[in-house]
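The structure appears below as structure tokens.
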Amino acid sequence: MTVAAAIAFTWLGMVLAISFLEAPLKFRAPGVTLPLGLGIGRVVFAALNKVEAVLALGTVVFLVIGPRTVLAVVFAAVAVLALLVQLFAVRPALTRRSDRVLAGEDGPRSHAHFVYIGLEVLKTAGLLACGIAALS
């Protein structure tokens, strides 16, 4: 289970670094406009989500083939399900919104962003708990 824990903690570190550090800070950098920040964010999150999918698969594989606790499996499932909802339900809405902003439209803010952040918090908690449970 130490491999599953290592994967969960690696995934957790990436989410914390990108979602809770890089994403909000890029908009505070001098000269970064909303369209530029959105363009950077799309590239960064597309790469992050691909790596997350690989890490999610690795976590599941090592929890299936190796020794595991029920709690580790439950918490991994929380993280994986949060990722799946982000990828297939929330991210398309965010992409449509950023497409409009990048095309020069000025419309109301999207609530999908808040849903994505909520899912990031849930995923973070699931990954932390999964890693701890996998080490127990």
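The values are calculated or read from the model by the stated rules, or taken from the named source; none is laboratory data. Bear in mind the structure is a predicted one, so any value in this text is a computation, not a measurement. Reconstructed Cβ throughout: ideal geometry from the backbone, glycine too, with neighbour counts over all protein chains shown.
Say we look at region 31-44 and pick out the residues that are of a type outside the set (Lys, Arg) and touching a residue at least 40 places away in the same chain (Cβ under 8 Å); which of these is nearest to residue 15 (Cα to Cα)? Give the steps one after another, and end with the answer.
Quick first cut of region 31-44, residues of a type outside the set (Lys, Arg) only: 31-41, 43-44.
This time we only want the ones that are touching a residue at least 40 places away in the same chain (Cβ under 8 Å), so: 34-35, 38-39, 41.
Working: 34: 22, 35: 23, 38: 18, 39: 19, 41: 13 Å.
Checking each candidate, the answer is 41.
Residues that are under 23 Å from residue 119 (Cα atoms) and not aliphatic (A, V, I, L, M) were ranked within region 49-71; the one that is surrounded by the fewest Cβ atoms within 10 Å (Cβ to Cβ) is 50. Taking every residue in region 96-119 that is in contact (Cβ under 8 Å) with a residue 60 or more places away in the chain and within 16 Å of residue 33 (Cβ to Cβ) and pairing it with any residue that is of a type in the set (A, V, I, L, M, F, W, C) and in a helix (DSSP H, G or I), at least 6 positions away or on another chain, the pairs with Cβ-Cβ distances below 9 Å are 98/38; 101/34; 101/38; 102/38. Contact map, region 19-30: residues that are closer than 17 Å to residue 119 by Cβ paired with residues that are part of a helix (DSSP H, G or I) and of a type in the set (D, E, K, R), Cβ distance under 9 Å, separation 6+ or inter-chain. Pairs shown: 19/120; 19/123; 20/120. Out of all the residues in region 48-64, is one or more among the polar types (S, T, N, Q), without any contact (Cβ under 8 Å) to a residue 24 or more places away in the chain and in contact with a helix residue (DSSP H, G or I) (Cβ under 9 Å, 6 or more places away or on another chain)? No: zero hits.
Residues that are touching a Leu at 6+ places or on another chain (Cβ under 8 Å) and either modelled with pLDDT under 95 or not aliphatic (A, V, I, L, M) (or both) number at least 3 in the following helices (runs of 4 or more DSSP H) confined to region 19-136: 34-65, 91-102, 112-135.
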